[in-house]
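Only one structure is covered here, and it is reproduced in the block below.
The values are calculated or read from the model by the stated rules, or taken from the named source; none is laboratory data. Predicted model only: the values in this text are computed from it and were never measured. We place every Cβ from the backbone using ideal geometry, glycine too, and count neighbours over all the protein chains shown.
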Amino acid sequence: MARIGTIFHNEMMNSKKYYKVKNAQLNFLCPLCGAKRGLRYSSRLKFKNYIHILLTTLILSLSLYPFVGLRAAFSIFLVWPLYEFVNKVNFRREIPCPYCGFDATWYRRDIKVAKRLVKDFFAKHGDTEETASKKSEELMERMEKEDASQRAGEVAQKISESARENFSDTIGKL
């Protein structure tokens with residue numbers, strides 16, 4: 001059985017170099033185009049991030065102490081959510097495939113939105129409206145035929161398992 005999107009996958013292979021993600025937290029194949037993928041960020045904070053939070057809080061508390069006293073120690077409740085937010089934004093920004101625009105999290109939530117995102121990706125990257133629509137529809141049809149929803153679910157499951165492992169590792173180190 002041929003890989004999903006072999007025609008378009010070969011076009012992408014000829015037009016772009018696949019890049020290897022350094023220090024990838026999770027490696028997998030895109031369920032739509034079959035490209036090698038890697039995520040640098042995880043959905044959870046790592047031990048290193050908690051150290052950064054504590055150091056940032058310490059510096060902020062020491063600089064605010066002359067003005068607000070011991071209440072400056074509560075700045076951790078401002079710094080921690082900020083780190084969480086930035087980490088989640090970086091993680092979510094990495095999920096869509098840079099070669100076909102497929103987003104596994106959108107596919108799990110709403111297939112129509114995922115189709116539109118793939119179509120918009122091809123349109124944005126130089127294809128005319130007709131060819132973008134044709135490419136996205138063909139890729140999505142192949143994906144549905146080969147039950148790629150299961151593969152997309154597996155990718156999303158890998159991402160969530162990785163997040164759970166990172167969280168348990170972080171808690172274990174504390």
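Structural remarks
- When segment 58-97 is filtered for residues that are under 30 Å from His125 (Cα atoms) and either surrounded by fewer than 12 Cβ atoms within 10 Å (Cβ to Cβ) or touching a residue at least 40 places away in the same chain (Cβ under 8 Å) (or both), the ones remaining, listed by number, are Phe85, Asn87, Lys88, Val89, Asn90, Phe91, Arg93, Glu94, Ile95, Cys97.
- Among all residues of segment 30-39, there is at least one that is modelled with pLDDT of 80 or more, of a type in the set (D, E, K, R) and either surrounded by 16 or more Cβ atoms within 10 Å (Cβ to Cβ) or not in a helix (DSSP H, G or I) (or both).
- Annotation note: Cβ proximity below 9 Å between a residue of segment 99-115 that is free of Cβ contacts under 8 Å to residues at least 40 places away in the same chain and buried (at least 20 other Cβ atoms within 10 Å of the Cβ) and a residue that is assigned to a helix (DSSP H, G or I) and among the acidic types (Asp, Glu) (sequence gap 6+ or interchain) occurs for Gly101/Asp120; Lys115/Glu137.
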